[in-house]
Amino acid sequence: MTCDVLKRYDLSLCPRWWRFLLLTALLLALGGCVTLHIEQPDQKIIAQAVSGALIPGFERRDIPSADTVSRLNDNMRSFVDEWAPASMTTNDKVKSLLRGLISSQGRAIQYRSDITLDAESTFEQAVANCLSFSILYASMAESAGLRVAFNKVEVPPLWGLREDSLTLTSYQHVNVIVEHLGYDQVVDINMQEYSVDYPQKRISKEKIIALFYNNNAVNAMDTGDYGLAMSYYRAGLALDWSASEIWNNLGVLHMRINEYDVAVELFKMALSLNTRELSAATNLVRVYQYRGEKEEADKVLRAVQGYQKNNPYFYYRMSVKKLDERNFNEALADINKAVKLLKDHRFYYVRSRVLQAMGGYEESMQSLELAIQVATSEYYRLYYLSEKEKFNARAEEGRAGVGSELL
C-alpha cells in the first residue's frame, strides 16, 4: 500500500505504519554503538517538494507509463516463440531464452551500467543494465509461460573519498528469479555483481517500475533537465512511497537548485524510511557543512564514521586505492582490517595482490588459496584459479606483476 501524496496531502489517508513513522523521532543506528538522533521530517516542506513547486518552470512531463515499460511488441513475442517454444521444459526455456538474448546467435545484448531502457528499447538497441535486462527477461519469460519474480540484491557499498567530504555510492542490483517446482533459478545479466550471500528480497513489479523511474530521473538530473527528473521522481513515489533512494535523490535535486532547507527534510525522509540509506546521511553532512552548522554536521559525521570504522568494504576500497598509489604498507594494513571484519573472497584476493607487489610470494599464494576456498560462485573460483596460474608463470620468470583490479 502506498500513500499517494501526489493527489492529496491528507495524513489521515496514509497507512497507520506511515503515520507512526511521522509521529516518532528517528533513531538512526549507523554502526556499532553509534546512534544518531534526527528530528522527523517537516511534512509541509515534503509536500511542497513533491509537488514540484520549487523546480523553476516545472510542468508535468510525459513519461512512459508503467504498462509500456515492460510491454512486448509482436516482434518480441515471435522471438519468445522461437527461443522458448511451448514444447520445451521449464529449465530449457530459462536457458534458451537467456541464450537468445545475450549470445551472438541471438540479440547479443551487451551490459551497460549507465543506461536504463524499457523492454522494447532494450530489445532493439541490445544494451541493458541489470534493471533493464530484468524487466525484458521477466516479460518474455511470462510470455513463455514461466513464473517469475523480481529480486533486489543489496550489493555491498563501496566508500569513496573526495577532497572535502565522504561520499557513499550505493548500488541497487536487480535480477530475475524463475520459480520451479522445488527450487528457484536466478537469471542475471551481470553475475559478477551477484552472490547468494548478499542480502536480497523479492520485490513487486510496482517497485521495479519505481526503480526504473528513479534511474531515469537521475539521468535527466545529470543532464540538467530538472523538470523531467521531477516528473520521473513523482511517478516513482506514486508507485513506491517507501523508496528511500528516491527521497535521497530528490534531496540531491533540491541541493542543485540551492534549496538546502528542503534538501535536509528530504534526506531525513529517506532515513526515516530506511536507516541504512547512508548516502542520505552523508548528504546531510554536506548540507550542514555548507550552511555552517558545524555541530549538526559533526554529529552526523561521527555516526557515519562510526559505521565506516566497522564497515569492511570501506577498508577494502581504501586498500585498492592505496595499492593503485603503490602505498603498499598502508594498503596491506587496510585490507587486513577488512579481512578481520569479514572473510570475503575479494578481500583475500586484494591482499594477495598487495603481498605480491611487496614481493611476498608464499604469503600471496596463501591468500589467493583462501580466496579460491571461500569464493561465492564458480565464476570467481575459476577467475582466481586463472590468476594463480598467471602468478605462478610470472614467478617462474622472475618478475612480480602489480595490479589492483577492483572486482
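Computed from the coordinates by the stated procedures, all read-outs in this text should not be read as laboratory data. Quick caveat, the model's predicted, so the values are computed rather than measured. When we count neighbours, we look across all protein chains shown, and the Cβ atoms used for this are built from the backbone with ideal geometry, even at glycine.
Data table
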quantity	calculated
Estimated FRET transfer efficiency when R0 is 25 angstrom, pair Gln125-His180 (beta carbons, to 0.05)	0.20
Distance (nanometres) between label positions extended 7 Å along Cα→Cβ at Asn91 and Glu142	2.7
His254, His173 arranged by Cβ crowding within 10 Å, fewest neighbours leading	His173, His254
Cβ charges +1 (Lys, Arg) and -1 (Asp, Glu), total dipole of the stretch 312-396, debye	260
Pair-distance profile P(r), taking every C-alpha pair of the stretch 176-245, with 10 angstrom steps and integer %	18, 36, 31, 13, 2
Label-point separation, Lys299 to Asn190 (7 Å along Cα→Cβ), nm	3.7
Fraction in percent of alpha-carbon pairs per bin - 5 Å, the stretch 205-249	6, 31, 36, 19, 7, 1
Spin-label pair Asn392/Glu363, simplified geometry with 7 Å Cα→Cβ offset, distance in nm	2.3
Over the stretch 303-374 - Rg/Rh using Cα atoms and the Kirkwood inverse-distance radius	0.99
